[in-house]
Amino acid sequence: MERTLIGDLRSKIGQSVTVQGWLQVLRDQKKMQFLVLRDQTGAVQIVVEKAASPDQAALISTCGVESALTITGKVIDNPIVKLGGIEMQLESIEVNNNAAIPLAFEPFNDTLPALDFRMDWRYLELRRPENLLIFKIQTTAEMAMREFWLKNGFIEIHSPKMVGTPSEGGAELFSLDYFGRPAYLAQSPQFYKQMAMAAGFERVFEIGPAFRADPSFTSRHMTEFISIDAEISWIDSHEDVMSMQERLLQYTYQKVKDAHGDEIKARFGIDITVPTLPFPRLTMAEAQQILKERNYSVPADKKGDLDPGGERELGQYIKEKYNHEFVFLKDWPIEVRPFYHMRHADNPKLTKSYDLIAKGLEITTGAQREHRRDILEKQALDKGLNLDILSGYLDYFKFGCPAHGGFGMGLSRLLMVMLGLESVREAVFVFRGPNRLEP
RNA sequence: GGGGGCGUGGUGUAGCGGCUAACAUGCGGCCCUGUCAAGGCCGAGAUCGCGGGUUCGAACCCCGUCGCUCCCGCCA
């Protein structure tokens with residue numbers, strides 16, 4: 001028999017239908033059994049008269065909660081039933097996969113085990129509707145971004161994740177053996193996006209994994225994460241990149257709000273605010289001044305950079321002054337930016353770069369890239385880098401590369417901020433960290 | 001990598017020098033019941049992360065160690 005979704009049962013009253021899902025509750029009484037079966041669309045009570053079907057009743061008694069069941073029965077309108085005023089009378093049941101007793105933990109309890117323990121049994125935790133919702137939202141958000149980019153003439157690329165040369169630095173690279181020679185997991189699609197610019201793709205995006213061998217133990221770091229990247233050509237400055245990104249985020253927030261706004265409010269207590277354009281912008285110099293006025297002292301060794309506390313303070317300032325969740329922090333000093341960020345023509349100490357801070361959390365770095373090979377080489381040498389290692393990259397700028405720039409944004413960080421989650425570990429399907437390689 | 005915090009039945013917590021280690025939830029049994037956050041009674045389940053020390057006495061204090069976690073560094 002064809003499967004009926006539990007959410008559609010109201011329209012099937014009087015009919016015999018088949019539902020499939022997980023056993024939420026079993027109330028096993030002397031004469032009767034009441035089961036609550038849950039699927040993604042809802043939950044329904046199933047009644048069993050033990051005397052009428054003793055064999056099935058005996059089978060049901062062996063079922064642990066969270067067992068996967070297929071149940072056929074007649075849909076009855078019954079106002080007495082608190083669960084939707086509807087129930088099913090059992091006709092037949094198939095136990096697809098019994099759940100062992102006891103469960104590793106009870107995913108629907110009021111109190112849950114610590115996050116680290118839950119991660120050992122991630123699939124159980126993901127059965128909670130609010131967790132399911134996170135990934136429905138992620139799906140909507142990614143689709144919205146693709147939609148936005150396609151409407152604006154972007155091409156999707158998939159850059160290699162196994163690379164032969166480190167893009168820069170090297171301390172945070174995972175290395176692997178590639179048929180006897182060293183290889184690395186890509187930290188970023190950065191250079192390949194730029195290669196696409198040199199190829200004349202003009203506008204590209206990629207949503208894919210990035211790997212960082214940083215032993216960072218924070219609520220916002222992962223060793224493998226999904227990076228949302230975009231790169232555009234023929235720009236005048238990093239302002240063009242920010243303009244594209246803010247429109248992208250506005251579009252994405254609107255789509256998420258349209259599709260899930262009510263459920264997000266119900267599950268997370270958060271009103272999705274579609275950001276207004278333009279996002280507030282501050283130069284780093286202005287940001288430093290504002291922090292000083294607010295008596296927030298950035299550690300002396302930061303040299304024009306910000307610490308996470310400063311970012312949170314700035315997020316609070318933007319909220320108060322502009323009632324906005326986002327702020328572009330732009331024009332960072334060259335000391336704290338990589339060699340390939342373009343510098344201001346009228347101020348060689350400042351880069352044409354930005355970070356996007358969302359509710360006080362850094363979720364993006366973007367910039368106009370330096371596309372003039374001779375200047376790029378000079379900037380690399382200034383940073384003490386070896387031009388031989390970079391030669392493949394520098395060759396992108398040998399045969400006609402347009403001015404360009406782009407950004408990288410952490411998908412899970414975006415979701416974390418959007419939904420007010422405490423940790424990226426909740427916002428990612430399966431977490432990877434320095435001490436977490438399973439499941 | 002640096003600093004702080006925490007490790008007590010399956011899970012979440014209480015206890016912080018003198019207990020047969022408590023409570024909730026889950027699990028098992030019985031009773032009751034068209035139940036529905038079900039209810040009632042009974043029961044099993046913890047050598048209090050591990051090792052050492054202080055003490056008449058340690059879950060509790062000290063040292064070490066491992067694990068987790070948060071903050072910083074670094075970043076998306």
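The values are calculated or read from the model by the stated rules, or taken from the named source; none is laboratory data. If you're wondering where the values come from, they're calculated on a predicted model, not measured in any experiment. Don't worry about glycine lacking a Cβ; one is built from the backbone with ideal geometry, like all the others, and counts go over all protein chains shown. Remember, those area values only see protein heavy atoms, side chains included, never the ligands or the DNA or RNA. Shrake-Rupley method; radii C 1.70, N 1.55, O 1.52, S 1.80 Å.
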Go through region A:93-135 residue by residue and tally those that are assigned to a helix (DSSP H, G or I) and either closer than 21 Å to residue A:208 by Cβ or small (Gly, Ala, Ser) (or both). 2
Go through A:37, A:23, A:83 for me and flag whichever is closer than 30 Å to residue A:260 by Cα and in contact with a Cys (Cβ under 8 Å, 6 or more places away or on another chain). A:23
In region A:74-86, what residues are open to solvent by 30 Å² or more (accessible area, probe 1.4 Å) and within 6 Å of RNA strand B (Cβ to nearest atom)? A:78, A:80, A:82, A:83
Go through region A:101-127 and give me each residue that's loosely packed, with under 15 Cβ neighbours inside 10 Å and not hydrophobic (A, V, I, L, M, F, W, C). A:102, A:106, A:109, A:110, A:111, A:116, A:120, A:123
Could you grab me the full set of residues in region A:190-226 that are within 11 Å of RNA strand B (Cβ to nearest atom) and assigned to a loop (DSSP other than H, G, I, E, B)? A:212, A:213, A:214, A:215, A:216, A:217, A:218, A:219, A:220, A:221, A:222, A:223
Of all residues in region A:27-42, which are more than 8 Å from RNA strand B (Cβ to nearest atom) and either free of Cβ contacts under 8 Å to residues at least 12 places away in the same chain or among the hydrophobic types (A, V, I, L, M, F, W, C) (or both)? A:35, A:37
Would it be correct to say that residue A:319 is in a helix (DSSP H, G or I) and under 28 Å from the mean Cα position of the chain (by Cα)? yes
So residue A:371 ticks every box in (1) crowded, with 18+ Cβ neighbours inside 10 Å; (2) more than 10 Å from RNA strand B (Cβ to nearest atom); (3) not in a loop (DSSP other than H, G, I, E, B) but one. Which box is left unticked? (3)
Specify the residue that is nearest to residue A:295 (Cα to Cα); the eligible residues are those in region A:311-332 that are touching a helix residue (DSSP H, G or I) at 6+ places or on another chain (Cβ under 7 Å) and free of Cβ contacts under 8 Å to residues at least 60 places away in the same chain. A:313
Sort out which residues of region A:242-268 are among the small types (Gly, Ala, Ser) and without any contact (Cβ under 8 Å) to a residue 40 or more places away in the chain, and write them in order of number. A:243, A:261, A:266
Just checking, how many residues over region A:394-408 are open to solvent by 10 Å² or more (accessible area, probe 1.4 Å) and in contact with a Leu (Cβ under 9 Å, 6 or more places away or on another chain)? 1
Would you mind stating whether residue A:131 is more than 10 Å from RNA strand B (Cβ to nearest atom), over 20 Å from residue A:17 (Cβ atoms), more than 32 Å from the chain's Cα centre (by Cα) and touching a residue at least 24 places away in the same chain (Cβ under 8 Å)? no
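Name the single residue, out of those in region A:87-100 being crowded, with 19+ Cβ neighbours inside 10 Å and more than 16 Å from residue A:3 (Cβ to Cβ), that is farthest from the chain's Cα centre (by Cα).
Out of the qualifying residues, it is A:90.
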Members of region A:411-433 that are near RNA strand B (Cβ under 8 Å from one of its atoms) and either farther than 22 Å from residue A:358 by Cβ or in a strand (DSSP E or B) (or both): A:433
Please count how many residues of region A:382-439 are free of Cβ contacts under 8 Å to residues at least 12 places away in the same chain and among the small types (Gly, Ala, Ser). 2
Considering residues that are without any contact (Cβ under 8 Å) to a residue 24 or more places away in the chain and within 16 Å of RNA strand B (Cβ to nearest atom), the number found within region A:281-290 is 1
Please work out which residue is nearest to residue A:265 (Cα to Cα), limiting yourself to region A:409-424 and to residues that are surrounded by 22 or more Cβ atoms within 10 Å (Cβ to Cβ) and of a type in the set (Gly, Ala, Ser). A:412
Taking the criterion of being open to solvent by less than 50 Å² (accessible area, probe 1.4 Å), within 13 Å of RNA strand B (Cβ to nearest atom) and out of contact with any Phe, Trp or Tyr (no Cβ under 7 Å at 6 or more places or on another chain), would at least one residue in region A:53-61 satisfy it? yes
Inspect region A:266-280 for any residue being surrounded by fewer than 18 Cβ atoms within 10 Å (Cβ to Cβ) and within 13 Å of RNA strand B (Cβ to nearest atom) and give the result as yes or no. no
Unmet criterion (only one of (1) within 16 Å of RNA strand B (Cβ to nearest atom); (2) in a strand (DSSP E or B); (3) under 17 Å from residue A:281 (Cβ atoms)) for residue A:408: (3)
